[in-house]
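Written below as structure tokens is the structure these notes are about.
The values are calculated or read from the model by the stated rules, or taken from the named source; none is laboratory data. Predicted, not measured: the structure shown is a model, and the values here were computed from it. Counting neighbours? That spans all protein chains shown, and the Cβs are built from the backbone with ideal geometry, glycine included. These area figures cover heavy atoms from the full protein model, side chains too; ligands, DNA and RNA do not enter into them. Shrake-Rupley method; radii C 1.70, N 1.55, O 1.52, S 1.80 Å.
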Amino acid sequence: MKSIRKHVLFALAAILISAAYAPAQTLQITSPNAKTAITLTVGDAVTYSAAFDGAIVTKPSKLGISFQSAEPLGEMEIVDSQSKTINQTWKCRLGKQAEYVDNCTETTVQIQETGASARKLTLVFRAYDDGFTFRYVVPADSGFADENGEFCIESEETEFVFDDDYDAWATSHRAFNTSQEEEFLKTKLSAVKPDAFIGMPLVVKCDGFYAALTESDLLDWAGAQFAGASDASPVVKVRLTPRKDGHGCVIRKGEAASPWRVVLLGKRPVDLVNNSGIILNTATPCLIDDSWVEAGNSSWNWWAPKVGYPTDAIMKELVDFAAENGWRYTLVDAGWQDRNQEGVAYTKDLNLPELVKYAEKKDVRILIWFHYTSLLDAGVRNAFEQITDWGVAGVKIDFMDSHTQEMVQWIEETCQMAAEYKLIVDYHGMYKPTGMERTYPNQITREGVRGNEYNRWSRNSAAHTATLPFTRCMLGPADYTPGGFLNEHSDTFKSLNAYEDKSADCRVIGTRARELALCMIYDSPLRCLADLPRNYKGEPGFEYLRNLPPVWDETIALDGEIGEFYVVARRSGDSWFVSGITNEQARSFSTKFDFLGVGDYEGTVYADSPEADQDATQIAISKETFRKGDVFEIDAVRDGGWNVVLTKK
């Protein structure tokens, strides 16, 4: 008996030891051509690692969510996984591509605690050939909800563990809530501290490739930033924005999905730009009837703040100018509203309903600016009803400066309501794009960028504007407000605040040809052109802006290095537009036009003249004939650029 009992005890001990050291489960997820591979490991911890073309993107990196008033998740196991191939196309008439291809492997993994509580979580991965995404789904029966069915997320534990202390381009904010208008500066991953507020995207130069980290499909959730996982390490983690009411970061009821964590991959910086369609592919498809939404260029009154206050005379001049040049809109910026009156009222200096009628006769539509608090004061629906009665076509809403869950909810609700009234929306003081332009196409553009206005009180360097195509601008539309025609070089530039002349207009850094290029390079279906009629009329190069499409059938980023130079080609119908910019360094460009169709194209070239090295307003305009495969060689001066408009003969 003693012998039998001894054997039973040894066997039980062996089982317990075996259970305690049970091997973790692993799951492989690969993209359609196997270029991107993800390994999910589930056991005492839940981690993922990723590879791109055989190279390490991330080493085993932590996944997880912390719930308020709940113990941390214990040992987990995979209870189910299902994979499918997505291969579909969808149309986009208000962006940089007329059609997007969504081709990936999607794997949904259900994991559950092995202990008695058996709490559940679902992970969804998408492996693209040029990137990957993942998100968390909290099931309705997750075990984290209270008696009312609500759960509260305290933090997200997602990490990105890089293989080395790589160079990175990061924008550092002062707090969770921000207008996200800082510059993207080159740094090291180890310089990202645990208390940092790093905006998106975070672009990393890895060993032989580049990676860009961001998020997509931010709806009814807290917006995210990045921070370091620990001092002096190449590990960054997701940092959710706390709710304004102090109750964690996210409160939801029933099944709920987080935004996608997105990693774009490419051998060159321009590959990231070309691969950025992943952001839209993972966004929720359109939820409104968008057939009425019109893209277009806009005139604007704000560029000379000391004399640009919106009066009847000033705004009618801008409407006339828009009509003369075939622009669809005129934007009435701050100063039109009398906030001492109840509801929505205009000042004695601007009869807004009369301006709308005046513009309609000239086939121009009026957009108006709101501080978001004035919408709150008047009631959003009441305000939209009022301005719709006047005939206003859209709103620019400003100074939210937040992506708490409450503000994200308000943004979506406001956009939905605007769609009911057929109003387009341009959000300023706004967080980075997350694919919302697909979900609500009436959200036609947004700020969340250090735009041209900074030249009023500071300066936007040529390096900054050559960094944006690879950072903020690849995420989605940017209302940068380009098009300044008072052009200066970096070494002579003074901000508007430095001028004593009360009627002075704002200057910009960069040559005339370069500023034209920014108008094409920066995506915005509502292209708000900065300067005033008095600075445009009769000026060489202005005809380029008269004929510049606001949306495109095709976009190809051709060449570039972050903060140094950028070259892009865009197609509208049978015509191609090609532009290049450089930073503070003069540069020789050699661009192969192998994207052209068969036959001859007449090319109009807008380039730096030799004199532009000293006088940034000088521009050379010439004509050339091009065919597919021709190599276009051109020199740009410091702070310079060039443009070619190619029309099929």
The FRET efficiency for ASP163 and ASN33, from their Cβ-Cβ distance with R0 = 25 Å and rounded to 0.05, is 0.65
Expressed in angstrom and ordered largest first, the alpha-carbon extents of the chain along the principal axes are 108, 61, 44
A chain fully extended from LYS62 to GLN585 at 0.36 nm per residue, minus the present Cα-Cα distance, gains in nm 184.1 nm
Among THR373, PRO310, LEU518, the residue whose Cα sits farthest towards the positive end of the charge dipole of the chain (+1 at Cβ of Lys and Arg, -1 at Cβ of Asp and Glu, taken about the Cα centre) is LEU518
Longest principal axis of the chain (C-alpha) makes with the long axis of helix 312-324 (C-alpha) an angle, in degrees to the nearest 10, of 90 degrees
With +1 at each Lys and Arg Cβ and -1 at each Asp and Glu Cβ, the charge dipole magnitude of the chain around its Cα centre, to the nearest 20 debye, comes out at 860 debye
Taking only protein heavy atoms and a 1.4 Å probe, the highest-to-lowest accessible-area order of THR89, THR241 is THR89, THR241
Protection proxy (average C-beta count within 10 Å per residue), highest first, orders 278-287, 441-450, 341-350 as 441-450, 278-287, 341-350
Taking a crude spin-label model, label points 7 Å out from Cα along the C-beta direction, the THR89 to THR647 distance in nm is 2.9 nm
Relative contact order in percent for the chain (Cα pairs under 8 Å, 6+ apart) equals 11 percent
Rounded to whole angstrom, the alpha-carbon centroid of the range 567-628 lies from that of the range 341-378 at a distance of 40 Å
Given a 1.4 Å probe, the accessible area of the chain per residue, as a whole number of Å², is 39 Å²
Computed curve, the range 135-241, Cα-only Debye sum without solvent term, log₁₀ I(q)/I(0) at 0.12, 0.17, 0.19 Å⁻¹, is -0.46, -0.81, -0.96
Distance in nm between ALA116 and ARG174 label points, each 7 Å along Cα→Cβ, equals 5.2 nm
For the range 479-512, listing trypsin sites (Lys or Arg not before Pro) in a DSSP loop whose Cβ sees at most 13 other Cβ atoms within 10 Å gives LYS494, LYS502
The set of residues whose placed amide H lies less than 5 Å from the amide H of ILE65, leaving out same-chain residues fewer than 5 positions away, is GLU157
Pseudo-spin-label distance LEU185 to ALA498, built 7 Å along Cα→Cβ, given in nm, is 2.0 nm
To the nearest 10 degrees, the tilt of helix 2-20 (Cα long axis) against the first principal axis of the alpha carbons of the chain is 0 degrees
Rounded to the nearest 0.05, FRET efficiency between GLU147 and GLU75 (Cβ-Cβ, R0 25 Å) equals 0.40
Carbon plus sulfur, as percent of the 1.4 Å-probe accessible area of the chain, comes to 48 percent
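Using helices alone, what [θ] at 222 nm do you get for the chain, with -39,500 (n - 2.57) per DSSP H run of 4 or more residues, divided over all residues and rounded to the nearest 500?
Numbers: 13 runs with 116 residues, N = 649.
Rounded to the nearest 500, it is -5000 deg cm²/dmol.
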Longest principal axis of the chain (C-alpha) makes with the long axis of helix 352-361 (C-alpha) an angle, in degrees to the nearest 10, of 70 degrees
Check: C-alpha center the range 281-333 vs C-alpha center the range 383-438, spacing in Å is 15 Å
To the nearest 0.05, the calculated FRET efficiency linking GLU342 and MET417 through their beta-carbon distance, R0 being 30 Å, is 0.90
